[in-house]
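The values are calculated or read from the model by the stated rules, or taken from the named source; none is laboratory data. These figures come from a predicted structure and were not determined experimentally. Reconstructed Cβ throughout: ideal geometry from the backbone, glycine too, with neighbour counts over all protein chains shown. Ligands, DNA and RNA are stripped out before the accessible areas are found, and what is left, the full protein with its side chains, is counted by its heavy atoms. Shrake-Rupley method; radii C 1.70, N 1.55, O 1.52, S 1.80 Å.
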Amino acid sequence: MPHSQHPIELLRFNTCGSVDDGKSTLIGRLLYDSKNLMEDQLEALERSADITGGGQINLANLTDGLRAEREQGITIDVAYRYIATPKRKFIVADTPGHVQYTRNMVTGASTANLSIVLVDARLGVIEQTRRHSYIAALLGIPHIVFAVNKMDLVDWSEARFIEIRDAIEDFLPKLDAFKDVKFIPISALNGDNVVDASPHTPWYGGPTLLNHLETVHIASDWNLSAFRFPVQWVNRPNNPTNKELHDFRGLSGQLAGGTVKVGQKIMVLPSGLKSTIKEIWTYDGKLPEAFSPQSVTLVLEHDLDISRGDMIIGLENLPGMSSDLQARICWMHQRPLQRGNKYFLKHGSQTVQAIVAGLDSRINIQDYEAEIAPPELAMNGIGEIRLKTSKPLIYDGYKTNRLTGSFILIEQGTNQTVGAGMLLPPLEAVKPEYNDFAI
Amino acid sequence: MTSYHLDHLQYLETEAIHVMREVAAEFERPALLFSGGKDSICLLRLAEKAFRPSDIPMPFLNVETGHEFPELLEFRDRRAKELGAKLIVRTVDEAIKKGTAHPAPGEISRNKLQIPVLLGAIEEFRFDCAIGGARRDEEKARAKERFFSFRDAFGQWDPKNQRPEIWNLYNARLNSGENMRVFPLSNWTEMDVWEYIKKEQLEVPNIYFSHERECFRRGGQWLPVPPKHTDPTKPDPFAGGRPKPNEPVKKLVVRVRTIADMISTGMIESKVYSVDDIITEIAAARVTERGSRADDKVSEAAMEDRKKAGYF
Ligand SMILES: Nc1nc2c(ncn2[C@@H]2O[C@H](COP(=O)(O)OP(=O)(O)O)[C@@H](O)[C@H]2O)c(=O)[nH]1
């Protein structure tokens with residue numbers, strides 16, 4: 001039964017691996033074995049098996065959505081799948097492994113709590129394994145699983161499994177990123193250690209993949225330590241007839257970090273004005289306290305001039321505030337990133353203009369070495385840049401907060417999203433000019 | 001409050017509210033597509049949660065095929081009124097009369113004809129954004145849909161040229177003539193929708209619950225017998241959607257699981273009389289909800305084709 005008495009947590013994960021590592025088969029297997037497939041989906045599967053699969057059901061067909069993909073036989077974009085078990089609900093981002101589609105992996109990984117990196121047991125660690133691990137680390141995914149797949153093709157050899165695990169553990173310290181790392185020997189095709197424990201791996205004492213997904217501790221994946229509230233929408237009912245609503249002025253948004261209480265002192269940036277939380281308003285009634293990532297409407301004691309793009313913060317753990325920024329960036333467009341280029345930059349609820357002041361390095365994701373001052377960053381390139389923005393950003397380092405530490409770059413004219421940026425920690429915390437409460 | 005932790009429905013809710021507020025803040029003339037169906041019922045509650053105590057800052061828009069269940073239209077009009085929203089209705093019939101929609105010879109379903117009507121309404125009111133209730137779990141082609149789904153000046157969706165969507169940073173920028181479809185329920189499943197309806201105690205049209213109805217068998221489904229054609233001076237709007245002599249009519253206890261219009265909604269035989277019953281039924285169901293829609297069975301790529309042409 002997918003519904004039950006106790007609250008059910010949601011875990012978001014993505015799958016990565018190179019072409020033919022078995023990603024689609026694995027997701028198909030998870031859907032199939034956890035009974036998340038329906039009769040008509042099975043029927044469609046059987047129908048297409050007759051046409052393309054020589055009569056064999058192909059679990060990979062479940063996730064290969066678009067016709068263009070079916071024709072080319074590759075996954076070209078991010079597809080989302082939904083799995084429910086009695087313990088948890090899952091949102092799965094199926095991210096493709098083709099070299100030129102790094103941008104899709106970044107997309108799928110950006111919201112994930114956990115990444116599953118598939119490794120073909122026959123091939124062992126390849127360039128893609130290092131690339132995917134790097135991207136998972138770069139995007140600050142707390143949990144990672146290396147699923148060593150096609151164990152049936154290496155005779156369920158424990159030695160081979162350990163060899164692969166060692167090779168991965170060799171480079172992981174360089175990434176210095178994950179809260180926890182798991183290695184699981186599986187066969188996606190036959191279902192071994194995916195949902196049910198395999199009889200072929202008596203030497204493996206760990207959980208099955210689904211078991212791990214159902215139990216890994218994710219409660220602390222949100223930043224709850226520093227209050228951050230990007231103002232999204234100013235809520236003014238403008239209702240002259242209703243006394244209570246006449247003067248209502250709320251600030252609507254989603255907590256991007258920390259918690260906030262009624263009566264708490266806060267500061268608004270960039271103005272630096274201070275006030276106190278008078279009400280935390282929601283449709284379901286007023287709250288004494290709210291936490292990230294809740295969506296609420298804040299009412300302040302003072303009527304300050306606040307608009308979309310402003311950030312409300314607590315008085316401790318101050319963020320950075322600057323127009324000179326340093327960031328890692330993943331480039332997502334054919335037209336390369338070059339020094340001097342101008343873009344729109346969206347960060348939280350604010351969009352500003354940004355100019356690339358410098359391209360400091362490009363990271364080679366095979367050996368994780370940095371190439372200094374490259375001429376440009378091409379599609380799928382990852383590098384470190386400096387930006388100058390038309391207005392200061394109020395931000396945290398991406399490692400501290402994935403929401404206040406991230407931005408996208410948008411090409412002017414075409415409006416294409418061309419880059420995904422992760423800010424390096426601010427060099428200094430904001431020093432507000434005003435120290436008094438607003439009157 | 002003891003734990004700073006959201007359960008799955010609370011998470012989906014805060015995500016959807018965030019998306020709705022982005023729409024209100026980033027677009028000049030957004031609309032909300034409201035059909036009266038279960039997904040758009042959730043959208044309305046989310047809009048209330050996003051924007052109250054202010055008014056919902058956008059009108060509701062519905063495209064009628066002319067084949068609607070009367071119960072649904074009644075419900076739609078009433079809800080819009082209760083919420084104090086402006087409801088704009090545009091119909092396939094009008095569009096055919098004006099010559100902006102052209103029925104294919106012999107085609108009974110008006111699903112495809114909704115496309116030019118929707119695009120026409122977008123142009124008429126210069127909407128730059130339409131919020132819809134589509135979910136990624138509904139159908140394969142939808143699984144790759146973005147929250148903010150960019151449409152070119154012809155209203156078309158290009159699956160190979162979608163903007164990457166990273167974190168919760170939605171790129172809402174448009175050039176003139178272009179527009180956006182936004183789907184706050186992208187990450188919701190059918191079960192989530194019903195659990196939310198239960199939690200929020202939302203009213204749904206009574207055709208979701210079991211009732212007696214005359215049906216006939218066609219294309220492996222039970223289709224509802226349309227209302228009688230009463231005005232002989234006008235052509236029968238349901239011509240072709242009525243049972244033929246070799247399609248005997250049966251009185252059954254049925255309900256709808258997903259609502260298209262009367263011509264393409266398969267009724268399912270079932271005995272459910274409450275939202276709790278529905279949740280139990282879905283938990284046990286072995287057919288996805290779209291399995292009961294005739295319009296998707298035509299070809300596996302049916303939905304993909306309609307989306308490319310500007311379908312919701
Ligand atoms: N023997 C064996 N074959 C597998 C396994 N997993 C996947 N495959 C096969 O490997 C091929 C590629 O799998 P697919 O899921 O399409 O890979 P993707 O490109 O990563 O999505 C298919 O022919 C699968 O049947 C496995 O565990 N064992």
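State yes or no: is residue B:128 surrounded by fewer than 23 Cβ atoms within 10 Å (Cβ to Cβ), in contact with a Phe, Trp or Tyr (Cβ under 6 Å, 6 or more places away or on another chain) and more than 11 Å from chain A (Cβ to nearest Cβ)?
Criteria met by residue B:128.
How about the stretch B:184-206: which of its residues are within 17 Å of residue B:23 (Cβ to Cβ) and in contact with a strand residue (DSSP E or B) (Cβ under 7 Å, 6 or more places away or on another chain)?
B:184, B:187
Just to confirm my filter: which helices (runs of 4 or more DSSP H) fall fully inside the stretch A:62-159 and include at least 1 residues that are within 11 Å of chain B (Cβ to nearest Cβ) and at pLDDT below 95?
Correct list: A:67-72, A:102-110.
Under the condition of being in contact with a Phe, Trp or Tyr (Cβ under 8 Å, 6 or more places away or on another chain) and closer than 30 Å to residue A:317 by Cα, which residue from the stretch A:237-253 is nearest to the other protein chains (Cβ to nearest Cβ)?
Checking each candidate, the answer is A:252.
Condition first: of a type outside the set (S, T, N, Q) and part of a loop (DSSP other than H, G, I, E, B). Now tell me which residues in the stretch A:319-364 satisfy that.
A:319, A:332, A:333, A:335, A:336, A:339, A:340, A:348
Per-residue answers, yes or no, for (1) within 11 Å of the ligand (Cβ to nearest atom); (2) assigned by TED's automatic domain parsing to the domain that holds residue A:90; (3) free of Cβ contacts under 8 Å to residues at least 24 places away in the same chain; (4) open to solvent by 30 Å² or more (accessible area, probe 1.4 Å):
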| position | (1), (2), (3), (4) |
| --- | --- |
| A:120 | yes, yes, no, no |
| A:127 | no, yes, no, yes |
| A:152 | yes, yes, no, yes |
| A:162 | no, yes, yes, yes |
| A:184 | no, yes, no, no |
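Looking at (1) in the same structural domain as residue A:23 (by TED's automatic domain parsing); (2) open to solvent by 30 Å² or more (accessible area, probe 1.4 Å); (3) under 29 Å from residue A:292 (Cβ atoms), can you tell me which one residue A:189 breaks?
Of everything listed in (1) in the same structural domain as residue A:23 (by TED's automatic domain parsing); (2) open to solvent by 30 Å² or more (accessible area, probe 1.4 Å); (3) under 29 Å from residue A:292 (Cβ atoms), residue A:189 misses just condition (3).
When you go through A:48, A:24 one by one, which is the residue that is modelled with pLDDT of 70 or more and within 30 Å of residue A:121 (Cα to Cα)?
That would be A:24, the only listed residue that is modelled with pLDDT of 70 or more and within 30 Å of residue A:121 (Cα to Cα).
Which one of B:101, B:95, B:141 is among the small types (Gly, Ala, Ser), within 14 Å of another protein chain (Cβ to nearest Cβ) and open to solvent by less than 10 Å² (accessible area, probe 1.4 Å)?
On inspection, the qualifying residue turns out to be B:141.
If you check residue A:285 against the conditions, is it within 18 Å of residue A:404 (Cβ to Cβ) and at pLDDT 95 or above?
Spelling it out, it is not the case that residue A:285 is within 18 Å of residue A:404 (Cβ to Cβ) and at pLDDT 95 or above.
Here is a list of conditions, (1) within 14 Å of chain B (Cβ to nearest Cβ); (2) free of Cβ contacts under 8 Å to residues at least 40 places away in the same chain; (3) crowded, with 23+ Cβ neighbours inside 10 Å; (4) not small (Gly, Ala, Ser), and residue A:359 meets all of them except one; can you say which number that is?
(1)
Would you say residue A:203 is modelled with pLDDT under 95 and away from the ligand (no atom under 14 Å from the Cβ)?
Taking the combined requirement at face value, the residue does not satisfy it.
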